[in-house]
Amino acid sequence: MPLSIPQNLLVYQALRLQWTDNLKKGPIHLSPLKQILRVFIVTGLLTLPIDQWTKDFAREQYLIHEDTADTTIYQGRRDELLAKKFGDNWLTVNLTYVRNHGASWGVMKDLSEDFRRPVLILMGLVLTAAFLWAAVRFQLAGLNNSATALTLLSAGAVGNFLDRIRLGYVVDLVTIRSGLAGHTWSLPAFNVADIIIVLGLFYLLTTIVLSSNQKN
């Protein structure tokens, strides 16, 4: 039998008082798995839509031609977003459209589609699961910062993982080239998901260095 309105109010009041008492006692501690999943979901909700939208934007704005039968045949253009000169040195940042059919830096891109795609999808699943498992282990050990860093790595990997499932390749949209000391340097094309992965890796390395310095 459903509760009456006064009874509902009493239940609500009791729950509110219980919540207030818990807050007075101190912060509510979630289990390590729940904490990791919370960071993973929040990071994903914040970054995944941006990552996918920017990739769709790059396709609409910078893809000139493509072969619908062969995804490796396409032509993209680029726009100069930033150009700076520092004496004889220079730096350019470009927006473009690049397809990466392989892993990082184009590894495995020359393998056949029937072999490469399922292998890369499986690798994405394994790596994401491994990062999350390691994050939970770090959380259990009290290494919260390292756990958060691994969770960022996992959330970033999901963006490129979805590309491989949906398209069969990863869309990159930013290139950076520079001229320093008479040499020309260029970074592999990257996207928002890659930025999240790099931030997570940098955060992880920073926490490791800081923790080792504290021990010394």
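The values are calculated or read from the model by the stated rules, or taken from the named source; none is laboratory data. Keep in mind it's a predicted model, so treat the numbers as computed, not measured. Neighbour counts are summed over all protein chains in view; Cβ atoms, including those assigned to glycine, are modelled from backbone coordinates with ideal geometry.
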Determine whether residue 198 is over 29 Å from residue 76 (Cβ atoms), surrounded by fewer than 19 Cβ atoms within 10 Å (Cβ to Cβ) and among the β-branched types (Val, Ile, Thr). no
Qualifying position, being assigned to a helix (DSSP H, G or I), of a type in the set (Val, Ile, Thr), out of contact with any Pro (no Cβ under 8 Å at 6 or more places or on another chain) and in contact (Cβ under 8 Å) with a residue 40 or more places away in the chain, among 151, 92: 151
If you scan segment 147-163, which residues turn out to be closer than 16 Å to residue 99 by Cα and in contact with a helix residue (DSSP H, G or I) (Cβ under 6 Å, 6 or more places away or on another chain)? 159, 160, 161
State which residue is nearest to the chain's Cα centre (by Cα) when the search covers only segment 48-80 and only residues that are of a type in the set (Phe, Trp, Tyr) and under 19 Å from residue 159 (Cα atoms). 53
When both residues are 6+ apart or on different chains and their Cβ atoms are under 6 Å apart, which pairs have a first residue that lies in segment 177-198 and is touching a residue at least 40 places away in the same chain (Cβ under 8 Å) and within 23 Å of residue 90 (Cβ to Cβ), and a second that is of a type outside the set (Lys, Arg) and surrounded by fewer than 14 Cβ atoms within 10 Å (Cβ to Cβ)? 177/186; 178/185; 179/89; 180/89; 188/105
Going by the structure shown, is residue 164 in a helix (DSSP H, G or I) and either without any contact (Cβ under 8 Å) to a residue 24 or more places away in the chain or within 30 Å of residue 31 (Cα to Cα) (or both)? no
Restricting segment 68-97 to residues that are modelled with pLDDT of 90 or more and touching a helix residue (DSSP H, G or I) at 6+ places or on another chain (Cβ under 9 Å), which is surrounded by the most Cβ atoms within 10 Å (Cβ to Cβ)? 97
Only one of 156, 142, 124, 200 is of a type in the set (Gly, Ala, Ser), at pLDDT below 90 and assigned to a loop (DSSP other than H, G, I, E, B). Can you tell me which? 142
